[in-house]
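As structure tokens, the structure follows; a few thoughts come after it.
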Amino acid sequence: MHELAITESLVSAVCERVGEAKVRRVRLVVGKLSGVVPDAVQFCFEVCAKGTPLEGARLEIDEIAARAHCRECDLESVIEDAIPLCPCGSPNVALLSGQELRIKEVEVS
């Protein structure tokens, strides 16, 4: 489960940035095509945060839809599958969103 390593990195990155300040909330952005399962990150967060300034903090995860622009028909559409195809059937698409994985916001007290 790579979500454990991702969550450990998340906690470490926030700790480096805030030092000893108590963290109340962390907001994470996860794209649908990022390969990250938000529920698994949520599950790992409490364990990874234990004994750190993030202990007891709330983790909020914003899931970003995968969107693509078709170079064949010029349509912009939501991609529902891991294999990005335009509704016209073309695989010639430029991904516009959905691969994100970033910390959006950290609230400290």
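Some points to look at:
- Of the trypsin sites (Lys or Arg not before Pro) in region 1-78, the ones in a loop by DSSP (not H, G, I, E or B) with at most 14 other beta carbons within 10 Å are K22, K50, R71.
- Each residue of region 5-17 is assigned a 3J(HN,Hα), and the resulting list reads 5, 5, 5, 4, 5, 4, 4, 4, 5, 5, 4, 4, 7 Hz, derived from the Karplus form 6.51 cos²θ - 1.76 cosθ + 1.60 (θ = phi - 60°), x at Gly and Pro.
- Centre-to-centre separation between the Cα atoms of region 72-106 and those of region 10-28: 30 Å.
- For the chain, relative contact order (Cα pairs under 8 Å, six or more residues apart, normalised by length) works out to 36 percent.
- Which label in (i) 26; (ii) 36; (iii) 72 gives the computed percent of Cα pairs over 24 Å apart: (ii)
- Beta bridges per DSSP with both ends in the chain, % antiparallel, nearest 5: 70
- Placed amide H near R24: partners under 5 Å, 5+ positions off or other chain: E107, V108, S109
- Here K32 is the anchor, and the lysines within straight C-alpha reach of less than 28 Å, apart from those fewer than 8 places off in the same chain, are K50, K104.
- Considering helices alone, the calculated mean residue ellipticity of the chain at 222 nm is -8500 deg cm²/dmol, with DSSP H runs of length four and up weighted by -39500 (n - 2.57) and normalised per residue.
- The phi torsions of region 19-26, fed into the Karplus equation with coefficients 6.51, -1.76 and 1.60 and a -60° offset, translate into couplings of x, 9, 5, 6, 8, 9, 8, 10 Hz, rounded to whole numbers, with Gly and Pro shown as x.
- Placed amide H near G31: partners under 5 Å, 5+ positions off or other chain: I64, E100, L101
- Point-charge dipole on Cβ atoms (K/R +1, D/E -1) for the chain, about Cα centre, debye to 20: 320
- J(HN,Hα) series, region 91-100, from Karplus relation 6.51 cos²θ - 1.76 cosθ + 1.60, nearest Hz, glycine and proline x: x, 7, 10, 10, 5, 9, 7, x, 9, 5
- Under a 5 Å amide H cut-off, with hydrogens placed 1.01 Å from N, R67 pairs with I79, L96, S97, G98 among residues at least 5 apart or on other chains.
- Helix axis angle, 38-49 relative to the chain longest principal axis, alpha carbon, degrees: 20
- Candidates per GluC sites (Glu not before Pro) in region 8-42, loop by DSSP, up to 16 other Cβ within 10 Å: E20
Readers should treat all values here as calculations from the given coordinates under stated rules, not as data from a laboratory. What you see is a predicted model, and the numbers here were worked out from it, not measured in a lab. A quick note on method: Cβ atoms are made from the backbone with ideal geometry, for glycine too, and the neighbour counts reach across all protein chains shown.
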